[in-house]
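A short write-up of the structure that comes next.
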Amino acid sequence: MTNPMEDNLIARTQSYLQSKQVGKAKFSAQELSQMDPKDAIVWYVKAKVHYMMEEFDDALAALAKSAQIDAERPEVWTLMDYTLIALRRYEDAKESLEYVHAVQPENAEISSALCVLFTILGDQTSAKQYFEHSKELNKHTTAKVLTHFYREVFKPSAQISQVSKDKIKEMLSKIRF
């Protein structure tokens, strides 16, 4: 459990991330992990910094430490799934996302991520089911997650088929407010 000083440092790190000051966030997260290496949230925050810096292997290492300390934090598993997708470890991401979805079936972010993953895997039936479920839960979150993955994963990737890219664009066009 964090103390007020650690809470302040966590908040500062999160603020740096939101303002895209990743260098400052990385320094702050390093300081935090030295201050309290036995707190799951500390490693989660450090993983977020690594993820934002596209240091995906380092993000996975920090997430593994976080999960060892507290395996019941869905946000840890969610970020782990995003990291696995970024690393193109789709089957690992699928298993993990399905676990989180089983624990939190009303989580629109997870349903959206499953939609993205099944689109990549070419399973359009499952992708559509998760898209509809996510949209039903929260259109804004669905649009946010699909937009993030389209910009960060689909669009720049030569490994993802044009068909999959078009499917995500089609879904995004259906969800615009």
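Being within 19 Å of ILE120 (Cα to Cα) and among the aliphatic types (A, V, I, L, M) is the filter; apply it to segment 68-87 and report the residue that is surrounded by the fewest Cβ atoms within 10 Å (Cβ to Cβ).
My answer is LEU87.
How many of the residues making up segment 1-25 are of a type in the set (Val, Ile, Thr) and outside any helix (DSSP H, G or I)?
Counting residues in segment 1-25 that are of a type in the set (Val, Ile, Thr) and outside any helix (DSSP H, G or I) gives 1.
Where residues in segment 102-158 are in contact (Cβ under 8 Å) with a residue 40 or more places away in the chain and among the aliphatic types (A, V, I, L, M), which of them is surrounded by the most Cβ atoms within 10 Å (Cβ to Cβ)?
VAL116
Considering only residues that are buried (at least 20 other Cβ atoms within 10 Å of the Cβ) and farther than 16 Å from LYS65 by Cβ, which ones fall in segment 27-39?
The answer is SER28, and nothing else.
Has segment 121-129 got at least one residue that is touching a Ser or Thr at 6+ places or on another chain (Cβ under 6 Å), of a type outside the set (Asp, Glu), modelled with pLDDT of 90 or more and in the same structural domain as ASP92 (by TED's automatic domain parsing)?
Scanning segment 121-129, I find at least one residue that is touching a Ser or Thr at 6+ places or on another chain (Cβ under 6 Å), of a type outside the set (Asp, Glu), modelled with pLDDT of 90 or more and in the same structural domain as ASP92 (by TED's automatic domain parsing), so the answer is yes.
To keep it simple, each residue is scored yes or no on (1) in contact with a Pro (Cβ under 6 Å, 6 or more places away or on another chain); (2) at positive phi.
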| position | (1), (2) |
| --- | --- |
| ARG88 | no, yes |
| ALA93 | no, no |
| GLN104 | yes, no |
| THR125 | no, no |
| THR141 | no, no |
| ASP166 | no, no |
| ILE175 | no, no |
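Among the residues of segment 10-17, is there at least one that is touching a Phe, Trp or Tyr at 6+ places or on another chain (Cβ under 8 Å), surrounded by 20 or more Cβ atoms within 10 Å (Cβ to Cβ) and either modelled with pLDDT under 90 or within 30 Å of LYS139 (Cβ to Cβ) (or both)?
The answer is no; no qualifying residue exists.
The values are calculated or read from the model by the stated rules, or taken from the named source; none is laboratory data. Fair warning: this is a prediction, and the values are worked out from it, not measured in the lab. A quick note on method: Cβ atoms are made from the backbone with ideal geometry, for glycine too, and the neighbour counts reach across all protein chains shown.
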